Structure formats: C-alpha cells, structure tokens
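Notes follow once the structure below has been shown.
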Amino acid sequence: MNPTTAVYEIISLVHERSFAGVYAAMHERYLQEVEKVRWGQKTPSNLYFVPQILDCLPNAQFLCITRDGRDVSAESIRSAFLSANIFGAASGWNTANTFVKPFRQKYPTSVWMDVRYEELCREPEKVLKAICEFLQEDYDPQMLNYYRFCSPPTSWISVGFQNSKVPLFLII
C-alpha cells in the first residue's frame, strides 16, 4: 500500500484532534484491513503509562499477563527484545511488577485483570474463558486453535513470532 494513501485513510478516521484520536484512528484503519471489530495493544512498556492511557482512552482495559521472573530472565538471553543478560532481565521484570502493583488495587475489575502465564498454559480454556468475560467478548473454543489459522505478517519478520504456529500451552 502507498504510505500516503494509508495516512489519508487514517486521517479520515480521526474522531478528535488529539493524540488519542490519531492513535485510535491508526488502529481502526488496521481493523478495516484485517476485518476485525476490536483492537488491542500489547506493547509491554505501556504498563508505565496506564493512567495516561486511561486519560486518553477511558474505556481501555488492561490484561496484565505475568510470567515467572526466572523464566522471563532465562528466555531474555535468547530474545531480540529483552535484556541480553540475566541480571538486567531479572531487574527489568522486578521493576515492571513493582510498578504495576498499585494498579491491582486502584483499578476496578472491569478495567484491570491479572493472569499468570503459567496458569494460562496449564488451563488455557479456563483462563481464556475468564479473559473473554473480562473483555465482554464471547468465548469460542476455536480460540484455543489460533495457531492453526494465524499467519505471520508479511511486511516484517520477528524473532518473537516464530512460535505463533504452536499452541500456547506448548511454548514454555
């Protein structure tokens, strides 16, 4: 797609002249492309901006998936996105988890949900049903088979996307 065309399409979707308006319009443009009705954002560093995100997008919901820090630290050594050493990874995990701790009490259960990654892997159907309830989305058993239907984006290659064709409960 021509980048200029994409910009004009995004501009046409802006509902308000603000950062939140443009940000939402970018995601709405993507929804049209993939024929979906709801967008989500999974940037881990967003956890440091939860109050600001809620100021801009008051209907936002936060699903905080936390993995055991030892596993995160060990995995970070092989990842292109995390710390290259175990100390940095453990420190980053601890900082992030300490930072979100107050949010668990501050925000209502309609805004914030915590999920343990290991529990999601052990009991994917149970946890996914709870996530769907939180998001007020219908649960579909096919959600557990996502890896059979997804395709990596063709516009970029990501080291982290290599396991997308494997069931979540096997990626540990």
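The values are calculated or read from the model by the stated rules, or taken from the named source; none is laboratory data. Just so we're clear, the structure is a prediction, and the values are computed from it rather than from any experiment. Reconstructed Cβ throughout: ideal geometry from the backbone, glycine too, with neighbour counts over all protein chains shown.
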Just for helices (runs of 4 or more DSSP H) wholly inside the stretch 94-150: which have at least 2 residues that are assigned by TED's automatic domain parsing to the domain that holds Cys64 and either exposed (fewer than 12 other Cβ atoms within 10 Å of the Cβ) or without any contact (Cβ under 8 Å) to a residue 60 or more places away in the chain (or both)? 103-106, 117-122, 124-135
Selection from the stretch 25-38 of residues that are among the basic types (Lys, Arg) and surrounded by 14 or more Cβ atoms within 10 Å (Cβ to Cβ): Arg29
May I ask you to list the residues in the stretch 89-145 that are among the acidic types (Asp, Glu) and more than 13 Å from Thr66 (Cα to Cα)? Glu123, Glu125, Glu133, Glu137, Asp138, Asp140
Which count do you get for residues in the stretch 1-15 that are loosely packed, with under 11 Cβ neighbours inside 10 Å and in contact with a helix residue (DSSP H, G or I) (Cβ under 9 Å, 6 or more places away or on another chain)? 2
Just to be sure before I move on: is Asp55 out of contact with any His (no Cβ under 6 Å at 6 or more places or on another chain), under 19 Å from Tyr117 (Cα atoms) and acidic (Asp, Glu) in the structure I sent? no
Do we find that Tyr23 is within 26 Å of Leu128 (Cα to Cα), among the hydroxyl-bearing types (Ser, Thr, Tyr) and modelled with pLDDT of 85 or more in this structure? no
Do we have Val22 as surrounded by 12 or more Cβ atoms within 10 Å (Cβ to Cβ), within 24 Å of Trp112 (Cβ to Cβ) and of a type in the set (Val, Ile, Thr) here? no
